[in-house]
Amino acid sequence: MEISSATTPRHGAHLRRSDIPAALPAARRASGAGAVLGAVLDHGPVARSTVARLTGLSPAAVSGHCGVLMGRGLLRESRETTGRRGLGRPHVPVEVDADRYLVAGAHIAVTHTTLSLVDLRGRIVAEERRPHEDIAPGPVLDGLAARLPRLVTAHAQGRTVLALGAATGHWVDPAAGVVVRHPQLGWRDVAVRSVLADATGLPVHVDSHARALARAEQLLGQRATRSSAVLLFVGNVVDAAFVTAGAVHQGPRSAAGRVAHLPVGAADGGSASCTCRVRGCLASEVSEAALVRQAAAAGLPVPSFPALLERALAGEPVARELFLRRARLVGRAAAVLLDMIDPATLVVVEPGAGRLPECLAALRSEVAERSWVCDDPERRVVPSSFTGSVLATAGPAVALGALYDDPLGPWPALPAVS
Ligand SMILES: [Zn+2]
């Protein structure tokens, strides 16, 4: 059977101009530029020749991408030079320009919102937390939009905000820019992107906080998360994100990651009933609200979860035991996720595991006991890279992820790509 195609010249036929593909189709050019920007973020200041080796792109392509990215103000030549002076042209390394642009972030938690600014290397420039006065979407989103200009005026120091990233728990559809369902806030089909874009005039990117933190690990955190990872978020909301083949998995309706009701079968009878009607599901045992309830039942009434965490950090035995129990139950869920996905790394976003070494040890030993595939939890099960700044990182990571994915895209604050 003869295979022919309008775009593939037959053997020996004269090659026509229309047969030659464009040098760099837009999508390839964008992903090449993103790869260059990501490599410079990782290794900068770095020579262009090293970027070519790191990305597998040709030196000429890297040079071209660097030129375009410098034209957009995303990269700059470093003041350092490499190579011996006086011997030919010195290599002038390139680095991400952190002095021109910022991205803003808004994280919407069950009890409060966090507004933050980060530079293009992910360093937090400003962070502001506010308890909710009213959890309806209108007041929450209007409040965030109203506070942002003040935060920018106080902290941007002449840098321009490129975009706003917004993150929250439960079911978020990034393509639609919609919070599909957040039962604890009572939100359903809230058009967060369009509301915040109208109110701030910024490009807005929206995603679930678990996926945002997985992207933050890939970009700014643990390198082992680049290819495959599971991120397990344990707060008032309990959910997960999955990185496979280098990409954060979303699912056809972006609903992936709902692990809150995994049965972890706590045998010690502390379980409260849950909306899922499974006694001893993960969220009913380990959510922040569950821990506050468990503390009261154990004779340690506390006004809030942060107060309980402070007690545990201060060595209060009842509080510590509650966090150890939480770590063991999170370890059970982690073992199930490790067996299902077999990721290179499982990142646990939970302040006990992040700040109390014995909690991380208890979590890992539960994994070692229960997982069929993970026999090296010391290496594969790690706490978040952003312990202490998780919520200030999640929002901006949504916008930074979009920028690093497509630095040649339509970013209105950046000069046009020539
Ligand atoms: Zn449940």
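Quick rundown of the values:
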read-out: Percent antiparallel among DSSP beta bridges (both partners in segment 224-384, rounded to 5); value: 55 percent
read-out: Selected from Ala392, Ala33, Ala61 as most flexible by GNM, with the chain as the system and alpha-carbon contacts under 10 Å; value: Ala61
read-out: Sorted by Cβ density within 10 Å, fewest first, the residues Leu329, Leu262; value: Leu262, Leu329
read-out: GluC sites (Glu not before Pro) lying in DSSP loop within segment 113-156, provided at most 13 other Cβ fall within 10 Å; value: Glu133
read-out: Computed FRET value (nearest 0.05) for Thr160 with Arg370, which takes r as the C-beta separation and R₀ as 51 Å; value: 0.55
read-out: Difference of contour (0.36 nm per residue) and Cα-Cα distance, Met70 to Ser227; value: 53.7 nm
read-out: The chain - convex hull of alpha carbons, volume per residue in Å³; value: 208 Å³
read-out: For His91, His107, order by how many other beta-carbon atoms lie within 10 Å, fewest first; value: His91, His107
read-out: The chain: antiparallel DSSP beta bridges as a percent of all, rounded to 5; value: 65 percent
read-out: Of Gly186, Leu338, Gln294, farthest towards positive along the dipole that unit charges on Lys, Arg, Asp, Glu beta carbons give the chain; value: Leu338
read-out: Stretch in the chain that is longest and holds no trypsin sites (Lys or Arg not before Pro) that DSSP places in a loop and that have at most 13 other beta carbons within 10 Å; value: 278-418
read-out: Zone residues, segment 230-269, relative to Cys276, backbone N less than 14 Å from point 7 Å out along Cα-to-Cβ; value: 233-235, 237-241, 256-266
read-out: Assigned charges on the beta-carbon of Lys, Arg, Asp, Glu; the chain dipole about Cα centre (debye); value: 1000 debye
read-out: Radius of gyration and maximum dimension Dmax of segment 168-298, Cα, Å; value: 16.5, 52
read-out: FRET efficiency, 1/(1 + (r/R0)^6) with R0 25 Å, evaluated for Glu80 and Arg123 via beta carbons; value: 0.85
read-out: Segment 332-392, Cα convex hull volume normalised per residue, Å³; value: 77 Å³
read-out: Percent of Cα-Cα distances greater than 25 Å, calculated over segment 224-384; value: 27 percent
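Since every read-out is calculated from the coordinates, none of them should be taken as a lab result. It should be emphasised that the depicted structure is a prediction, and the values quoted were computed from it without experimental measurement. Every residue, glycine as well, gets a Cβ built from its backbone with ideal geometry; the counts of neighbours run over all protein chains shown.
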